[in-house]
Amino acid sequence: MQVSVENTSALERRMTIGVPAERIETEVNKRLQQTARKAKIPGFRPGKVPMSVIRQRYEDGARQEALGDLIQATFYEAVVEQKLNPAGAPSVEPKSFEKGKDLEYVATFEVFPEFSVAGFESVSVERLSAEVADSDLDNMLEILRKQNVSFEVADRAAQNEDQLNIDFVGKIDGEAFAGGSATGTQLVLGSGRMIPGFEDGLVGAKAGEERVLNLTFPEDYQNLELAGKTAEFTVTVNTVSAPTLPELNEAFFNQFGIKETGIEGFRTEVRKNMERELRQAIKSKVKNQVMDGLLAANPIEVPKALLENEVNRLRVQAVQQFGGNIKPDQLPAELFEEQAKRRVELGLIVAEVVKQFDLKPDEARVRELIQEMASAYQEPEQVVAWYYKNEQQMNEVRSVVLEEQVVDTVLQKASVTDKAVSYEEAVKPVEAPQAD
């Protein structure tokens with residue numbers, strides 16, 4: 001087998017492969033002999049059909065099959081021989097494909113970029129520290145009460161935080177549109193469940209009243225078919241119900257699986273959950289800063305095949321999350337390219353750090369993480385046992401731990417400053433930068 005490689009760009013390779021005719025004929029004959037053993041042809045007993053008849057009937061198909069298998073096999077033999085690491089399937093173009101002659105074809109493909117991760121010293125990280133204060137715990141208890149609020153019908157005008165039972169019909173240019181109408185819908189004013197202006201337009205309404213709302217869907221609305229369009233909603237208010245917050249009693253505690261511990265026991269459990277959330281938030285913010293720093297210090301070229309695969313994966317996720325009568329490939333690739341590029345770059349960089357420092361998942365940390373996750377459940381021992389019986393889940397946890405070890409490796413050389421903040425600031429999500 002003859003192989004030559006041409007670098008057509010930083011990552012693209014054009015590999016010409018020659019396969020001897022003898023190897024092709026050997027593969028063709030092997031398939032014909034397999035066919036001869038089971039071929040059923042009138043006038044001949046099974047296994048007794050002359051090879052000349054077999055060849056006349058089946059050689060073309062056997063040759064096509066052999067050539068296809070040989071191209072696949074010799075491509076991988078060639079990349080191993082040339083020590084290349086393809087980042088996607090090759091594009092194959094036959095150059096010589098004649099019977100009795102050597103097969104020659106050209107395979108064009110991308111390879112993974114070769115680089116060393118550097119610049120750990122240039123990574124700057126602000127590491128937050130915080131505690132769960134009693135006031136934070138009190139605020140969380142109020143949030144839990146509001147999440148479990150009950151409603152009673154009230155004979156008055158609607159206010160924010162009231163629950164309305166409504167019927168509505170939405171029209172665009174006088175025509176009703178899919179998903180724009182409903183009957184008997186329960187809506188809490190101020191919840192932000194509907195598009196801007198819908199809930200505000202119902203403040204002050206009374207049971208039996210009809211209101212017409214002229215509203216515009218946001219430009220970034222999840223259903224792209226409606227984004228930016230103006231619609232008219234005719235809304236009928238059936239009932240207005242006022243909220244009633246539950247008491248902090250045993251019945252309330254039981255809803256969270258906490259029994260016979262009283263208010264202090266409940267506060268203890270809620271504090272544990274808040275502290276778990278706090279640790280995760282701080283860890284996540286440190287990780288994001290480390291990853292941003294690694295990206296800035298290690299610009300790399302991304303294989304188009306990997307970028308395309310990630311864009312397609314994000315398209316599928318978007319359709320699954322937001323729905324709508326749309327197929328993944330109908331979503332513009334540009335919507336996902338920036339996110340996909342970041343994910344692919346980070347995947348390559350993290351993998352290279354793992355390779356450079358010969359990192360392996362720390363099994364003690366793996367168990368610690370599983371126990372941390374299990375502590376949120378009523379029967380943590382059963383959750384831990386479940387993880388250790390599921391290899392796929394264990395591998396996912398090991399991947400998380402390995403990524404944490406990558407972060408720790410970078411932090412050893414990075415510029416780290418510690419900052420004490422409030423619980424609310426520590427758990428607050430980082431806002432994405434606004435486009436100019």
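Please treat every number below as a calculation from the coordinates, not as lab data. Just so it is clear, the structure is predicted and the values come from calculations on it, not from any experiment. All Cβ positions, glycine included, derive from the backbone under ideal geometry; neighbour counts span all protein chains shown.
How would you rank ASP60, ASP134, going from fewest to most other Cβ atoms within 10 Å of each one's own Cβ?
Arranged by neighbour count, lowest to highest, ASP60, ASP134 become ASP134, ASP60.
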(request) Give me the distance between the Cα centres of region 399-415 and region 56-116, rounded to whole Å. (result) 40 Å
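Past the 22 angstrom mark, what percentage of all C-alpha to C-alpha distances in region 31-147 do you count?
67 percent
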(request) Calculate, axis by axis, the spread of Cα positions in the chain along the three principal axes, and write the results as whole Å, longest axis first. (result) 95, 61, 52
(request) Express as a percent, rounded to the nearest 5, the fraction of DSSP beta bridges in the chain (both residues included) that run antiparallel. (result) 90 percent
(message) Suppose the chain between GLU225 and SER91 were pulled fully straight at 0.36 nm per residue; how much longer would it get relative to their current alpha carbon spacing?
(response) 44.6 nm
(request) Counting other beta carbons within 10 Å of each Cβ, put ILE17, ILE24 in order, fewest first. (result) ILE24, ILE17
(request) Would you be so kind as to identify all helices of the chain, as entire DSSP H runs, whose Cα atoms reach 18 Å or more along the helix's own axis and whose mean Kyte-Doolittle hydropathy is at least -0.5? (result) 51-81, 304-322, 334-356, 391-411
(message) Rounded to two decimals, what is the ratio between the C-alpha radius of gyration of region 287-365 and 2.2 N^0.38 Å?
(response) 1.35
(message) I want to check the label-to-label distance for GLN2 and GLN255. Put each point 7 Å from Cα in the C-beta direction and report it in nm to one decimal.
(response) 7.9 nm
(request) Compute the distance in nm between two label points, each set 7 Å from the Cα along the Cα-to-Cβ direction, one at ARG23 and one at SER191. (result) 6.6 nm
(message) For a distance above 23 Å, tell me the whole-number percent of Cα pairs in region 150-244 that qualify.
(response) 23 percent
(message) If you average the C-alpha positions of region 344-397 and of region 8-43 separately, how far apart do those two centres end up, in angstrom?
(response) 45 Å
(request) Return the inverse of the average 1/r over all pairs of distinct C-alpha atoms in region 309-436, which is the Kirkwood hydrodynamic radius, in Å to one decimal. (result) 18.4 Å
(request) Quickly estimate the mean residue ellipticity at 222 nm for the chain, helices only: each DSSP H run with n ≥ 4 gives -39500 (n - 2.57), and the total goes over all residues, rounded to 500. (result) -15000 deg cm²/dmol
(request) Rank VAL212, VAL354, VAL344 by mean-square fluctuation in a GNM of the chain with C-alpha springs under 10 angstrom and give only the top-ranked residue. (result) VAL212
(message) How much length would be gained if the chain were fully extended between PHE357 and GLN147, taking 0.36 nm per residue of separation minus their Cα-Cα distance, in nm to one decimal?
(response) 70.9 nm
(message) Can you tell me, using C-alpha contacts under 8 Å and at least 6 residues apart, the relative contact order of the chain as a whole percent?
(response) 18 percent
